[in-house]
1. For region 156-202, report the accessible area per residue in Å² (1.4 Å probe, heavy atoms, rounded to an integer).
2. Give me the percent of accessible area attributable to carbon and sulfur for the chain, probe 1.4 angstrom.
3. For region 250-314, what class follows from the C-alpha gyration tensor (a ≥ b ≥ c being the square roots of its eigenvalues): rounded when a/c is under 1.5, otherwise prolate if a/b is larger than b/c, else oblate?
4. Please work out how much length the chain gains when fully extended from ASN178 to LYS251, using 0.36 nm per residue of separation minus the C-alpha to C-alpha distance, in nm with one decimal.
5. Can you classify the chain as rounded, prolate or oblate using the Cα gyration tensor, where a ≥ b ≥ c are the square roots of its eigenvalues, rounded means a/c under 1.5, and otherwise it's prolate if a/b beats b/c and oblate if not?
6. Please work out the C-alpha center-to-center distance from region 70-89 to region 195-260 and express it in whole Å.
7. Calculated from DSSP H runs of 4 or more alone, at -39500 (n - 2.57) each and per residue, what is the 222 nm mean residue ellipticity of the chain, nearest 500?
8. Check every DSSP H run in the chain and write down those whose alpha carbon atoms cover 15 angstrom or more along the long axis and whose mean Kyte-Doolittle hydropathy is -1.0 or greater.
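The values are calculated or read from the model by the stated rules, or taken from the named source; none is laboratory data. Computed from a predicted structure; not experimentally measured. Ligands, DNA and RNA are excluded from the accessible area calculation, which covers all protein heavy atoms including side chains. Shrake-Rupley method; radii C 1.70, N 1.55, O 1.52, S 1.80 Å.
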Amino acid sequence: MKMTKKVLSVIFAVLISISMLVPSFAASYGDAEAKPFANSEFFEYNGLNIHYRVFKAAGNEKAKIFMIHGFAMSTCCWEELARRLSAEGYTCVAADLPDFGYSSRENKDSTLYPREDIMHALMTSVDDGKWYVAGHSMGGYIALALAAKYPENVKNLMLFGTACNTGNPQWLNTMMTNKVFVSVTAPLMELAARFDFIVKGILGAALWDADYLKNYDISKITAPFRIKGSGAGALYSFSVLPKTDLEAVEKMPPVLYMNGDRDMAIKNADRELLRKHLPENSTDITVKGGGHLFIENRADETSAAVLDFIFQNK
């Protein structure tokens, strides 16, 4: 029986809320020698291999943009936007967070380092100057924390489909690292990515764009989730999401804040709370008809907003 968009949207929201958005089944993790993309690079951070991709600026470089993806995603979610921005002279560096994409998976014996520290170390290893820092969904939480902790390396933030993170209750953090819970839940999470119809159903609710979905290569989502340990790693990583320092946000340079009006993955109350604390002269844009992944299927509109924002904040 054919599922309606409304049903798919409910499924999507529920899956996001319990942190089970399309994880993986077991496969082997490739080493840093095996580059998954032509523009892939790896950065070592305290025993973790962090995968990232460099979309080099066409012609003379105008500036650099560092991109951090959301939960269960990877560098692939930035491809459409990075290609457009690099064509306009901006070098885009998109990173895979630990436990996602082609970065290392963590386990019960791993030290769970703050994500903003890892991303900052990678970013400054490429260039220790000031960057535009972009974050999508969960990556927005990390971008906000990075900018609060390392303001000397952030020119402006660009946030997409995200909000402030008010923090997890302690019981949730404990559960996400509980050995018994992880041993039961992780394999179930990993099993989900074996079924393309599940992935496509969630994508449909995230994109709200049937035509775009028809030609969507879901292997760019499912392939990295087949790396061994993805389910457990995703659970562990969820427990170290940084809480947003709203006082620090108010003191930041202007922020570009974009959200889709059909995005049900982010709590509206958290969006509104962040809006109240955005710095002066920030740009707040609502993408009409946009879902959670509007940075992909609405990349023309998004890139135009980014270029205008950068022009206004040179």
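1. Details: 2260 Å² over 47 residues.
For region 156-202, the solvent-accessible area averages 48 Å² per residue.
2. On the way: 7300 of 13580 Å².
Carbon and sulfur atoms account for 54 percent of the accessible area of the chain.
3. Numbers: a/c = 2.95, a/b = 1.12, b/c = 2.63.
Oblate shape, in that a/c is at least 1.5 and b/c is the bigger or equal ratio.
4. Working: separation 73, 0.36 × 73 = 26.28 nm, distance 3.74 nm.
Result: 22.5 nm gained on full extension.
5. Numbers: a/c = 1.31, a/b = 1.20, b/c = 1.09.
Rounded, because the longest to shortest axis ratio a/c is under 1.5.
6. One Cα centre to the other: 13 Å.
7. Computed ellipticity for the chain at 222 nm equals -11500 deg cm²/dmol.
8. Details: long enough: 5-17 (18 Å, 1.88); 115-126 (17 Å, 0.16); 138-149 (17 Å, 1.27); 179-192 (20 Å, 1.29); 196-207 (16 Å, 1.58); 299-312 (19 Å, 0.57).
Span-like helices in the chain: 5-17, 115-126, 138-149, 179-192, 196-207, 299-312.
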